[in-house]
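The values are calculated or read from the model by the stated rules, or taken from the named source; none is laboratory data. Please read all numbers here as calculations on a predicted model, not as lab measurements. We place every Cβ from the backbone using ideal geometry, glycine too, and count neighbours over all the protein chains shown. Heads up: the accessible areas ignore ligands, DNA and RNA and are worked out on the full protein's heavy atoms, side chains in. Shrake-Rupley method; radii C 1.70, N 1.55, O 1.52, S 1.80 Å.
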Amino acid sequence: MERKRQLTIEERQTIITLKNGGLSYRETVKKVMVSVSPDNEEPFYVLNLDSLLKRHLRWITNLPRVKPFYAMKCNNTPAVVRMLMALGIGFDCASKAEIQHALSLGATPDKMVYAHTTKPLSHIRYACTHGVDVMTFDSEDELLKISLCHSQAKLILRIATDDSKSLVRLSTKFGARMASVGKLLEQAGELGLEVIGVSFHVGSGCTSSLAYKKAIADARLVFDMASLLGFQMKLLDIGGGFSAIGDFQDKFEEFSGVINEALDKFFPPDSGVEIIAEPGRYYVESAFTLAVNVMAKRVVANEVDEQNSTYKMIMYYITDGVYGSMSCITFLVDDIPYLSSPQAVDGSEPRYPSVIWGPTCDSIDKITENYWLPELHVGEWLLIDNMGAYSVSQVSDFNSFERARFYFSRSSPSPFLHFRFPCSLCSGCQFEPAGGLQLFWQETEILCVEMTGLSLSLCTY
Ligand code: PLP
């Protein structure tokens, strides 16, 4: 790998080593809080690198026939993209900029799907000139655009699904209805376009495995229709929708069982059909913990409840919010379930109903209300786990608050991750390995990632 610039002195100083001493990941996050930001209240993420790898191992164990193409839109942090690339994962890109980003980090066009059914013409042209041939469509107009800008494209017809059991529904916006599939295929044929397969998305955060089963059965019908029209389809893309946190904890295994059974029934291995998926949140959701600082507080002492008694309610204003990396909380059905106060060590401490606001001037910027917390003080931190999906990729510039920074960690001892010094790829590592030390560094400095067997080696310099 080409060697890039040296770290500046300041950057080196932000790299801290912490004594491992059997610290859990959570304790490590707390250490970062006090060590990295004693006088800095800006939000930051700690990314547990092992988590990405563990999720991948769980994927290949449970869905051995399904090749993942990670949905970049979910979280395009370079370290995430580099690690997933080293694991051999492909990418689902939804725009010219996502294709550019993936290419700039070393991804190759043959491992990309341009998985957006409504694309600007200029983005289709960009895909064409950069060798990204596989793309989705669900309408006649999209076929016309593609025939103008990328007539050699390999097309995937996206069909609508029953997404009524998903946190985020997508089939209201995308996907051809089964009744219009025949016409679309005929039109593709008339335009001389090649349709190589079918895709669907059951909606993000899908709670019903039956949605996959039905969509796979529908895809089979489309394959059969296409075959009658002279197309030789060879790709099935089962989209995203997977999660494995909270209520979804064990669903991944259950879903995989149902999916494998449906695949074996409708697309058995000897059918020669390649199966891919576009998982987003599954890979990154649990890898990121967000630390936010209480930057302001307002005690409302005389709130009155239904019994006419007064009680104390506390409003907190924290350094990240709905306009920052927390817009994803609007997807959640319950109150944010993964929020905790590292200061609250004593379970018997009194707790107060609290409202948590983001930092901007807008009242929509509310993270939660009526959340029972022990009293926090200005300057203290709150932690929110499982913040990897649709967080950092959705930050806006409203009120120009600073974006959350990143620190990286691995659980220790990690059977999966090794820090390689010096690195065989760049030979430029600056930091000595230190037995029993855990390393943190800033995002841009993860440069080399290499897969060896089932473990990954990383380096920085
Ligand atoms: N593919 C497409 C086309 C999407 O729109 C999305 C999410 O919106 C994904 C994949 C990723 O979905 P998930 O994060 O639920 O896996």
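Every residue in the range 99-110 that is at pLDDT 90 or above and surrounded by fewer than 20 Cβ atoms within 10 Å (Cβ to Cβ), please. Lay out the reasoning, then the answer.
Residues of the range 99-110 that are at pLDDT 90 or above, as a first pass: 99-104, 107-110.
Matches in the range 99-110: Gln100, His101, Leu103, Ser104, Thr108, Pro109, Asp110.
Among the residues of the range 268-311, which ones are open to solvent by 10 Å² or more (accessible area, probe 1.4 Å) and within 16 Å of the ligand (Cβ to nearest atom)?
Answer for the range 268-311, where residues must be open to solvent by 10 Å² or more (accessible area, probe 1.4 Å) and within 16 Å of the ligand (Cβ to nearest atom): Glu278, Arg281, Ser286.
Determine, yes or no, whether Gly240 is surrounded by 19 or more Cβ atoms within 10 Å (Cβ to Cβ) and at pLDDT 90 or above.
On the way: surrounded by 19 or more Cβ atoms within 10 Å (Cβ to Cβ): yes; at pLDDT 90 or above: yes.
Against the criterion (surrounded by 19 or more Cβ atoms within 10 Å (Cβ to Cβ) and at pLDDT 90 or above), Gly240 qualifies.
Output the number of residues of the range 363-387 satisfying the condition of being open to solvent by 40 Å² or more (accessible area, probe 1.4 Å) and free of Cβ contacts under 8 Å to residues at least 60 places away in the same chain.
Result for the range 363-387: 6.
Please go through the range 56-98 and pick out each residue that is out of contact with any Pro (no Cβ under 8 Å at 6 or more places or on another chain), in a helix (DSSP H, G or I) and open to solvent by 20 Å² or more (accessible area, probe 1.4 Å).
Leu57, Arg58, Ile60, Thr61, Asn62, Lys73, Pro78, Arg82, Met85, Ala86, Ala97, Glu98
Answer yes or no: is there a residue in the range 217-240 that is of a type in the set (S, T, N, Q) and within 14 Å of the ligand (Cβ to nearest atom). Let's see the steps before the verdict.
To start, the set of residues in the range 217-240 that are of a type in the set (S, T, N, Q) comprises 227, 232.
Next, from what is left, pick out any that are within 14 Å of the ligand (Cβ to nearest atom): none.
Taking every residue of the range 217-240 in turn, none turns out to be of a type in the set (S, T, N, Q) and within 14 Å of the ligand (Cβ to nearest atom).
Would the range 76-91 turn up any residue that is without any contact (Cβ under 8 Å) to a residue 40 or more places away in the chain, within 22 Å of Met135 (Cβ to Cβ), out of contact with any Ser or Thr (no Cβ under 6 Å at 6 or more places or on another chain) and of a type outside the set (A, V, I, L, M)?
Yes, there is a match, as at least one residue in the range 76-91 is without any contact (Cβ under 8 Å) to a residue 40 or more places away in the chain, within 22 Å of Met135 (Cβ to Cβ), out of contact with any Ser or Thr (no Cβ under 6 Å at 6 or more places or on another chain) and of a type outside the set (A, V, I, L, M).
Each row is one residue, and each column tells you yes or no for (1) outside any strand (DSSP E or B); (2) away from the ligand (no atom under 16 Å from the Cβ); (3) surrounded by fewer than 16 Cβ atoms within 10 Å (Cβ to Cβ).
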residue	(1), (2), (3)
Leu144	yes, yes, yes
Gln152	yes, yes, yes
Thr161	yes, no, no
Leu167	no, no, no
Thr172	yes, no, yes
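Kindly establish whether Val181 is aliphatic (A, V, I, L, M) and either surrounded by 23 or more Cβ atoms within 10 Å (Cβ to Cβ) or under 19 Å from Leu228 (Cα atoms) (or both). Show your work before the answer.
Numbers: aliphatic (A, V, I, L, M): yes; either surrounded by 23 or more Cβ atoms within 10 Å (Cβ to Cβ) or under 19 Å from Leu228 (Cα atoms) (or both): yes.
Answer is yes for this residue.
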